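> One structure coming up, written as structure tokens, with questions to follow.
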Amino acid sequence: MRLNGKVFEAAVSLLERRHPLDLYHAALVVHVTEGRYTIESTPVPNADARARGAVAGGAVGSRWAGRLRIFRYEIRCWLDGVIPDLDEAVESPQRLTEGEELARRVLELTPHVPTPVWGRDELKAGEMWNSNSIVSWLLVRSGIGEAPVRMPTGGRAPGWDAGVTVARRRA
């Protein structure tokens with residue numbers, strides 16, 4: 001995944017005539033009275049989706065390829081779930097709200113996140129849909145908004161604006 005990101009950013013930065021930046025992958029940790037939930041988008045490792053808290057998913061690259069598990073992603077909303085690369089997080093975690101009502105709204109909305117083809121702009125938002133789109137969509141639709149999020153310096157989160165655009169469009 002890391003190599004693919006570097007290749008992608010090298011190509012995009014070359015086309016945009018700028019220096020390559022670090023790429024960021026967003027995920028959420030939501031604390032409510034009964035515990036801590038992780039919300040993240042990941043590849044589908046096997047058929048036991050319920051054990052991982054998978055609540056939605058879609059194809060990667062193309063709908064046709066999505067018939068194969070290797071070209072599918074899932075959205076997890078997992079009580080006591082794990083974000084495997086959390087130790088590599090940059091300028092994180094960021095507390096976005098103290099409100100339990102807003103936190104619960106994020107949890108309620110997670111199964112309803114749009115699931116277009118990953119890496120495409122099927123929703124005509126101006127950029128591809130990915131994990132960052134999912135997180136920004138949840139923040140905007142829940143009422144938290146994207147304003148409290150501070151993007152790390154020297155990098156970018158491709159897909160972030162797609163989630164904001166689609167959330168505002170349907171709000």
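> If you check every pair at least six apart or on different chains, which have Cβ atoms under 7 Å apart with a residue in region 100-122 that is among the polar types (S, T, N, Q) first and a residue that is buried (at least 17 other Cβ atoms within 10 Å of the Cβ) second?
T110/I39; T110/V55; T110/I75; T110/C77; T110/L138; T115/A56; T115/G57; T115/G58
> I would also like to ask the following. Checking the conditions here, which among G154, G143, G159 is out of contact with any Lys or Arg (no Cβ under 9 Å at 6 or more places or on another chain) and either under 19 Å from I39 (Cα atoms) or surrounded by 22 or more Cβ atoms within 10 Å (Cβ to Cβ) (or both)?
G159
> A further question follows. Would you tally the residues in region 136-171 being in a helix (DSSP H, G or I), touching a helix residue (DSSP H, G or I) at 6+ places or on another chain (Cβ under 7 Å) and touching a residue at least 40 places away in the same chain (Cβ under 8 Å)?
Final tally of qualifying residues: 6.
> Of all residues in region 95-119, count the ones that are basic (K, R), in a loop (DSSP other than H, G, I, E, B) and at pLDDT 95 or above.
0
> Now, a different point. Taking into account only those residues within region 120-135 that are in a helix (DSSP H, G or I) and polar (S, T, N, Q), which is surrounded by the fewest Cβ atoms within 10 Å (Cβ to Cβ)?
Filtering first and then ranking leaves S131.
> Would you confirm, using the coordinates I've provided, whether G126 is of a type in the set (G, A, S), under 15 Å from the mean Cα position of the chain (by Cα) and farther than 14 Å from T42 by Cβ?
So G126 does not fit the description; no.
> Is it true that A51 is loosely packed, with under 13 Cβ neighbours inside 10 Å, part of a helix (DSSP H, G or I) and over 13 Å from the mean Cα position of the chain (by Cα)?
So A51 passes the test.
The values are calculated or read from the model by the stated rules, or taken from the named source; none is laboratory data. Note that the structure is a prediction, hence the values are computed from the model and not measured. As a convention, Cβ positions derive from the backbone with ideal geometry for all residues, glycine included, and neighbour counts pool all protein chains shown.
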